[in-house]
Structures are given as structure tokens and as C-alpha cells.
Amino acid sequence: MIDPKLLRHATADVEKNLARRGFEFDVAGYLALEERRKSLQVETETLQSERNASAKRIGMAKAKGEDIAPLLAAVKDVGDKLEAAESSLSVVQAELRDIELGLPNLLQDDVPDGRDEAQNVEIRSWGTPGSFDFDVRDHIELGEKSGLLDFDSAARISGSRFAVMRGGLARLQRALIQFMLDVHTSEHGYEEAYVPYLVHGDALQGTGQLPKFEADLFKTTTETPFYLIPTAEVPLTNLAREVIFEPGELPRRYAAHTPCFRSEAGSYGQDTRGMIRQHQFEKVELVHLVEASESAAALEELTGHAETILQRLNLPYRVVALCAGDVGFGATKTYDLEVWLPGQQRYREISSCSNCGDFQARRMLARVRNAESGKPELLHTLNGSGVAAGRALIAVMENDQREDGSIEVPAALRPYMGGATEISA
RNA sequence: GGAGAGGUGCCAGAGUGGUCGAAUGGGCUUGACUCGAAAUCAAGUGUACGGUCUUCCGUACCGUGGGUUCGAAUCCCACCCUCUCCGCCA
């Protein structure tokens, strides 16, 4: 959520900032509603104050054994007026809240202009796309050739956008996950966490997926519904929900491996072949909880941590700063890591690292006590993939393929593969 | 799944319709005493929101949501969670 005070007092600035994303903010409608809220709230609270005062008077009169009938008659009127005022106020407040929950985060000034991913700006690149002296295959062909990647079985079991992996390939994904977690926990100072995969709506509202993006989520039909997490960002970031951290307790860095579940509603026709876009995929997620002044630096660090993984795997990649139109709902600024896929002859997103500022913290009341003032202040949250395991697997397959269709295991992963140097049927 | 007990402030714990945002004890902060510490004494110590918003005033919050009432931490209803025992299970 955007700071409601900012929304009220600097509405034009907010409107301008959101317009950079291509988001149209109905300023007039908002301000009119806000005016109503103000007068209704003042009215309600005045009436409450009156009621409280007379209730107190009645109590005292009764204690002294005086006649309270005239006092009761005098309050009758207040009760009705109060009821009316309270119900109008709650309607207006609910409308305001809906608006506020639907507004995306404010962008940082250094986010480049642009409408969509075509205008994202490359910041740096690492490695050089390899040259092959044979015709490269994409991961689908490689998987079919070895028989280790089986979309037919997956389709029979669960339909489209699922994969079955077998043998060395299944193990390679597990190796990737273990490797990534080990690097982040032992070298980058993250605390490993195991978290629920089913969460309440509150948690998703906290991180910003709800109420706006419910269609992207899987939801259970149990009496109290659960949602399957679309990313470990949700449970990890919600570790700060309604917590007030003491000054020395931040920063916190959490890493977790979880499956991620996405309905991919609205992505019909995109990446329908292969393992790029699945309903279920594995990811190692990184989350930082930091004091407000630290978040800009933390984003650079976090991005670097994700980059380390690709470097150790010797996968060529580039870092792009998302342009205004491409930055996600809850982020103030985002870097994507895009890995080179020889099979597609292009870079594809493998990690997305975002600074969410206080946007999520405000929704979930995640705070840190200011060392000087002693007052709780909103903390800042960041998240990034470190990295998506399914896509990393594709990247390894395609970048380390050999002419015979076998795959060379990157040196960094061999300890996790029982020393194996290649995967083949 | 069955039976029972319970959810109050940083912690423990009182409060079963009125001056209760909440006794008391502990903790913490500040001050006094002290060379210093301990002990002792005194004062302070929640969160959110609003108002012509650093002073000041008001409102809300005692698991959550409803209800009764002039008035609810306290009564009623529903739900959630925790604990104990039984059952079941990994």
C-alpha cells in the first residue's frame, strides 16, 4: 500500500508516478471519497465521544442512586445518529481501502521509462553465449532424446503445463537446489527456512498478490480456503507480519526452496511448449527484511547473490533494469537476471529481484523500532529468486549439451551428483 | 475426529455490566542514593487512526467477527487459535 498520508497530501505526485507504469489513478474520485471519509469520521468520533460521556454520567448517577430516566432519554437520539454515521463511515472506508489495495507501488526515480519489456535496460552482462560446432537442440528435444523429460506422462496425469522428470535429470534439479541453498546459507549469510506451501488470503494480501491477482492463484475448496503459494516470497516475507523488530534484529535474510504454483491464467499461447512456463515449478527464494535506509543497497546485494549462482554454473546472463511499465505491482524497482538459452537463441528471465520499499510492510504491519525515537517504523522488504530451479535446469541442459544429446554436469554440481560428470539416457 | 481447559499489555497474572487502556508483581527506561554496583525509593513505559497533527484533543483496540445494552474485557452467538487426554497417522 502507498502511504495514505502521501496519497492524501501529494495526490498529484502519486498520480504522476503511477502514470509512468501506465496506471490511471482516478484522482478526483479518490479525493471526493477522502473528503467524505474525513467528515464522516469526525462526525462519528464526535458522536462516540458524546455517547461515552453520557454513558459515564449514567453510570455515576446510578451509583449514587439518582433517577437516570432523563439521562437515558437524552442519549437515545445519539445512538441512532451514531449508528447511521458509523455505517456510512465503514462503507466509505471499505471503498477507500479497496482503492488503496489496488494501487501499485510508487516507482523509484531511477527506474527507466518504458511501456513493456522491450524497453528494459541492460545494466551488465556476464559470460559469452557459447558457440557450438553442431546444431543445438532446445531442452525439449534434449529431454525427448534422452527420455528423461516426459511431457506426455505429465499431460495424462495433470494436463498441460506440467512436467515429469526422471533419473539423472530429476537428480540434476535436486542438485541445483541443494547447491543454491548451500551457497546462500554458507556464503551469503542467509538463514534457511522451511515454510508452508498453503497460506491464508491475509498472507497474500500482505505481499500484494491479493486482492488484485486472485485469478493467478490456485485456491483450495476447503471450508476455510487456502491458496497455494505462487512463490516463497509470500510465506518468507510474512515472517515479518505484525512483528516489531528491535533495532539490532535487522537485517534478516531468509532463503527457502519451495515449489511454486501459478494458474497462468491469461498466458494462453505463451511458452506452451516445454518447461519454461509451468503450473508447478521449483524455486529458491531470497528475502531481505531491512531498515528503510538500507533497502537500496540491499537490492544490489541481493541481485549479486543471485548472480553468483549463475556464475558458478558458468551460465551466460545479463542483468536488466525493468522499465516503468514492466515493474511488478508491489515493487519500487526491479532487476531481472536473464540467462542465455542457446535453444531459443535469446536471454530468458531466470530471476527477478525487487525492492518493495514499505509497500508490503504497510500491508502486513511489519515494523522495526527506531533506535533513537523508540517508535516503530515500517521496515523495507526485498525479494529475489536465487534462482528459479526449473529454468536453471533448462539453462544447464541447453548450455552444456553435447552433440550426442548428453549433458555435461557443471563442475559446481558434481559433488551433488555423486561425482557424475554427465547425464544421458 | 472425540472430550475438556483456555486465549487480557514486553512477561506473569487479576478483572463476570459502569469513573477499565485495564489492578498487582516482574521486566525495561529515567532520576535519587552510591566511588561504582547491588539493594532501596520516585517517576515513566502499548498500538493504530483522526482533528487547523511535533504541544494538545478525540476515537478504536482485552483471539476474530457479529449481537444485546444508555454503557461490554466482562453477557449471548459463530468462527479461529493454543494446551491436555483419547483416537488416527508420516
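The values are calculated or read from the model by the stated rules, or taken from the named source; none is laboratory data. None of these values were measured; they are calculated from a predicted model. Glycine also receives a Cβ, built like all others from the backbone with ideal geometry; neighbour counts cover every protein chain displayed.
Observations
- When every residue of region A:353-369 is checked against the conditions, none turns out to be more than 21 Å from A:Tyr254 (Cβ to Cβ) and not β-branched (Val, Ile, Thr).
- Within region A:60-73, the set of residues being surrounded by fewer than 12 Cβ atoms within 10 Å (Cβ to Cβ) and small (Gly, Ala, Ser) comprises A:Ala63, A:Gly65, A:Ala69, A:Ala73.
- Residues in region A:407-423 that are in contact with a strand residue (DSSP E or B) (Cβ under 9 Å, 6 or more places away or on another chain) and surrounded by fewer than 18 Cβ atoms within 10 Å (Cβ to Cβ): A:Glu408, A:Thr421, A:Glu422.
- For region A:32-70, residues that are more than 10 Å from RNA strand B (Cβ to nearest atom), hydrophobic (A, V, I, L, M, F, W, C) and touching a residue at least 40 places away in the same chain (Cβ under 8 Å) total 1.
- Residue list for region A:335-389, restricted to those being charged (D, E, K, R) and either within 16 Å of RNA strand B (Cβ to nearest atom) or not in a strand (DSSP E or B) (or both): A:Asp358, A:Arg362, A:Arg363, A:Arg367, A:Arg369, A:Glu372, A:Lys375, A:Glu377
- Positions within region A:207-237 being within 16 Å of RNA strand B (Cβ to nearest atom) and not in a loop (DSSP other than H, G, I, E, B), in sequence order: A:Tyr227, A:Pro235
- The numbered conditions (1) modelled with pLDDT under 90; (2) surrounded by 14 or more Cβ atoms within 10 Å (Cβ to Cβ); (3) not acidic (Asp, Glu) are all true for A:Thr11 except (1).
- Residue in region A:242-290 that is nearest to A:Gly143 (Cα to Cα), counting only those that are of a type in the set (Val, Ile, Thr) and not in a strand (DSSP E or B): A:Ile276
- Residue in region A:91-111 that is small (Gly, Ala, Ser), touching a residue at least 12 places away in the same chain (Cβ under 8 Å) and either near RNA strand B (Cβ under 10 Å from one of its atoms) or in contact with a Leu (Cβ under 7 Å, 6 or more places away or on another chain) (or both) present: no
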